[in-house]
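Okay, so here's the structure we're looking at.
Please treat every number below as a calculation from the coordinates, not as lab data. Owing to the predicted nature of the structure, the values given are computational and were not obtained by experimental measurement. Here the Cβ is made from the backbone with ideal geometry for all residues, glycine too, and neighbour counts use every protein chain on show.
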Amino acid sequence: MRFKVQKTWSQQQLAVKLHVESGRRLLSYEQWQMFKHAAKTALSAALTWWLALRLGLRDGYWGGITAIIVLQSNVGATVTASRDRLLGTLIGALFGCAFSLFGALPWNFALAVLFAIVACHLLGLRNSARLAGVTICIVMLVPKLGSRWPLALDRVSEVFLGIVVALAITVLVLPDRARLHLRDGLAQEFLLLGAFFQAILEGFRGVPAANLPDLRREVFAVLRGNAALLDAARNEPSGTGWREGLGMLSQFGRSIFDALLALEFAVKDSHEDHFAQQLEPALERLATDIHSGFHHVARCIHNWNFQAPPPGINLEQDIVDLEERMDKVRHTGIGFSQAEILRAYAAQLHLKQIARLLRASRIETGRAIGSIANTD
């Protein structure tokens, strides 16, 4: 049976805005992701336990536990969790065995946990610290006569087996690439930035948009989610262009969001200003092209092709026209309040910054992934 998967709300909005066709599906995107992750997790745990029995590992269930813990929703996150768990287990096994050679419980156990956690933090392995402590508990507190080294070796072997199986399953069985999720997330991010930009300008021209606070929160949430996906994507095997392009787009997205926040602050309480009206039609043309530019960059990200310039949009010329218009109306400023003039100047400065960041996001990313020549 072949499952047809619906897209998330974000991806559906992206498909609609970019005119990408999408038919009716049997399962929603969230339902499909949940089912797929559950099936892969169950397969990893069962296969690890079966292999542990065949390899003669006494406590094979620890391998199954490891497989369940480290298998994440995408390849990059699974690699990160596997690394943290393996290093934590190795450090915990080492300290557990070493401190079991002298002293008596509970003092040697307490010292082992203390030094293991400190060592993890000093080595920059903060996420491995808890796992090191868990391993020390197993190595030192499980009742056993004789040396603790065999118990530690079994523990490491079981964890290693669980990690290998989980990595194999996540890569070979219906793999989810963090970079592909990030690409869709960044496309939606630029669409949301465009909507946020439009809502800000509504307040500049008239009554502030009612959904402005909601859009601000939504953009911030998408930025945060994409940052987490970027960390996972960096741990996935991929071409250099992918990593550089995704990282560059993430950085541009954050910079544009900061510029939009500055624009929002600059045009606050400007709905009754009249000096800025003299900047038309240059101001309107630049604002319209910026909004269209967000849409175009989102399409470029969705197609992962940044070569085509936005049709009918010339942001640099729009900036020149606005600057010329500012020069023409400067002498009329004597008839307006200083606050109006300052808001108009601040608005046009932030608009120019956003336009140049938006243009650079397409060109620089295209150069990073090789779809635009360096001479562009």
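Okay, here's what the table says:
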| quantity | calculated |
| --- | --- |
| Formal net charge of residues neighbouring Glu244 (Cβ-Cβ distance under 10 Å; K, R +1; D, E -1) | +1 |
| Sites Arg356 and Asn303, calculated FRET efficiency, Cβ-Cβ separation with R0 22 Å, nearest 0.05 | 0.45 |
| Scattering profile of the range 130-221 at q = 0.10, 0.11, 0.20 Å⁻¹ [log10 I(q)/I(0), Debye over alpha-carbon scatterers] | -0.60, -0.63, -0.96 |
| 0 to 90° range, to nearest 10: angle between helix 282-303 axis and the chain longest Cα axis | 30 degrees |
| Fully extended contour minus Cα-Cα distance, from Asp214 to Arg126, at 0.36 nm per residue | 28.2 nm |
| Neighbour count of at most 14 Cβ within 10 Å plus DSSP loop: longest trypsin sites (Lys or Arg not before Pro)-free window in the chain | 145-267 |
| Amide N proximity, the range 245-286 versus Val207 label position 7 Å along Cα-to-Cβ, cut-off under 14 Å | 271-272 |
| Rounded D (µm²/s) - the chain, Kirkwood Rh over Cα pairs, Stokes-Einstein at 10 °C, 1.306 mPa s | 65 µm²/s |
| CD proxy at 222 nm, helix term only [per DSSP H run n ≥ 4: -39500 (n - 2.57); per residue of the chain; nearest 500] | -24500 deg cm²/dmol |
| Lysine pairs in the chain with Cα atoms under 26 Å, if 8 or more residues apart or on separate chains | 10 |
| Degrees, to the nearest 10: 212-233 long Cα axis against longest axis of the chain | 40 degrees |
| The range 37-192: mean projected area of Cα convex hull, nm² | 10.9 nm² |
| In degrees, nearest ten, helix 178-205 long axis to first principal axis of the chain (Cα) | 30 degrees |
| The range 178-369: C-alpha gyration tensor shape, a/c 1.5 cut-off, then a/b vs b/c | prolate |
| Net lengthening on full extension, Ala42/Ile363 (0.36 nm per residue, minus Cα-Cα) | 111.1 nm |
